[in-house]
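Colleague: My questions will all concern the structure given below.
The values are calculated or read from the model by the stated rules, or taken from the named source; none is laboratory data. Everything numeric in this text was worked out from a predicted model, so none of it was measured. Neighbour counts are summed over all protein chains in view; Cβ atoms, including those assigned to glycine, are modelled from backbone coordinates with ideal geometry.
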Amino acid sequence: MCLISFSWNAHPKYRLILVANRDEYFNRPTQSLHQWESGIYAGKDLKEGGTWLGFHPSGRFAALTNYRDIRNEIPRQRSRGELVTGFLTSSEGPKDYLKKVEAIQDEYNGFNLLVADMENLYVLSNYGKGIELVDPGVHAISNALLDSPWPKVTKARSQFQELLAKKTPEMDDLQGLLQSTELAAEEQLPATGLTQELEKAVSAQFIRVDDYYGTVNTSALLWDRLGEVRLREVRTVPEREVTECAFRLY
């Protein structure tokens, strides 16, 4: 998952409103959104067995983006996707879970991990300053820290705020976000270890790098204050596929 925009505890109807793009190599095997045997609702990375975003009907949400630092990435035995499933299938509170992750965070390449229950949302990055409580409001995160002013992140927050100012969002409204293919200006590009050409190519919200890498799906989530949750995933690679789940928390 490489770009997430969301509203946390800032809307009268919804506890969490979220839209997220997953960027990946097109040949990485993936199963679309579904309910797992463990009870969670998520897509599945069939290579490593984890996920990038998911929800458990007990009222637990988690999502992950990679922190991009190409020069310092090394082969790891542990997959970052297990951090999401680990929380969703746990009975620990978000902060307690992140304390355990923090103790072993150096075993993973760079990550940003969002975890929430019905009370609080926290974020932990192994490039950040420890566990942080996310304030109510509209936020966005890509491959740097939460709300870092990358052009596509700033644009995502602005788009989200404009939508919320106009109306109470529906799924179709959310699916229309994060679809911009506009590239950042050269002087606005971050330095994450990619070539300048690739850095520019992945500066778009919706990414296409030739026929091998880019945005493979967009997920939308509406979690209302009465305990109803709706998740929708629109997958575009290898072909368009729409899956949707709705459930009540218990």
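Colleague: Take the residues in the range 117-136 that are outside any loop (DSSP other than H, G, I, E, B) and surrounded by 15 or more Cβ atoms within 10 Å (Cβ to Cβ); name whichever of them is nearest to the chain's Cα centre (by Cα).
Modeller: If we take residues in the range 117-136 being outside any loop (DSSP other than H, G, I, E, B) and surrounded by 15 or more Cβ atoms within 10 Å (Cβ to Cβ), then VAL123 is nearest to the chain's Cα centre (by Cα).
Colleague: Separate question: Would you check which residues across the range 70-97 are part of a loop (DSSP other than H, G, I, E, B) and either in contact with a Leu (Cβ under 7 Å, 6 or more places away or on another chain) or under 13 Å from VAL115 (Cα atoms) (or both) and list them?
Modeller: Matches in the range 70-97: ARG80, THR89, SER90, SER91, GLU92, GLY93.
Colleague: Still on this structure: Against the conditions (1) assigned to a loop (DSSP other than H, G, I, E, B); (2) of a type in the set (Lys, Arg); (3) modelled with pLDDT of 95 or more; (4) under 19 Å from GLY50 (Cα atoms), where does LYS100 fall short? Just the number, please.
Modeller: Condition (1) is where LYS100 drops out.
Colleague: Among all residue pairs at least 6 apart or on different chains, which show Cβ distances below 6 Å where the first residue, located in the range 176-199, is surrounded by 10 or more Cβ atoms within 10 Å (Cβ to Cβ) and the second is charged (D, E, K, R) and assigned to a loop (DSSP other than H, G, I, E, B)?
Modeller: That search, which allows pairs on different chains as well, returns THR192/ARG68.
Yes/no per residue for (1) among the hydrophobic types (A, V, I, L, M, F, W, C); (2) within 21 Å of TRP223 (Cα to Cα):
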position	(1), (2)
PRO57	no, yes
LEU64	yes, yes
TYR67	no, no
ILE74	yes, no
THR85	no, yes
LYS99	no, no
GLU107	no, no
LEU124	yes, no
TYR127	no, no
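Colleague: Sticking with this structure for a sec: Within the range 141-152, how many residues turn out to be out of contact with any Gly (no Cβ under 9 Å at 6 or more places or on another chain) and either buried (at least 23 other Cβ atoms within 10 Å of the Cβ) or within 12 Å of PHE6 (Cβ to Cβ) (or both)?
Modeller: Number satisfying all stated conditions: 4.
Colleague: Only residues that are crowded, with 19+ Cβ neighbours inside 10 Å and touching a helix residue (DSSP H, G or I) at 6+ places or on another chain (Cβ under 9 Å): list them for the range 220-230, please.
Modeller: Going residue by residue through the range 220-230, those that are crowded, with 19+ Cβ neighbours inside 10 Å are 220-223, 229.
ALA220, LEU221, LEU222, listed by residue number.
Colleague: Among the residues of the range 15-35, how many are more than 13 Å from LEU231 (Cβ to Cβ) and not in a loop (DSSP other than H, G, I, E, B)?
Modeller: 8
Colleague: Here's something else I'd like to know. Would you say TYR41 is farther than 27 Å from THR192 by Cβ, surrounded by 13 or more Cβ atoms within 10 Å (Cβ to Cβ) and either among the aliphatic types (A, V, I, L, M) or in contact with a Gly (Cβ under 9 Å, 6 or more places away or on another chain) (or both)?
Modeller: It is true that TYR41 is farther than 27 Å from THR192 by Cβ, surrounded by 13 or more Cβ atoms within 10 Å (Cβ to Cβ) and either among the aliphatic types (A, V, I, L, M) or in contact with a Gly (Cβ under 9 Å, 6 or more places away or on another chain) (or both).
Colleague: Which of the numbered conditions does GLY93 fail, given that it passes all the others? Conditions: (1) under 19 Å from the mean Cα position of the chain (by Cα); (2) closer than 25 Å to TRP223 by Cα.
Modeller: With (1) under 19 Å from the mean Cα position of the chain (by Cα); (2) closer than 25 Å to TRP223 by Cα applied to GLY93, the lone miss is (1).
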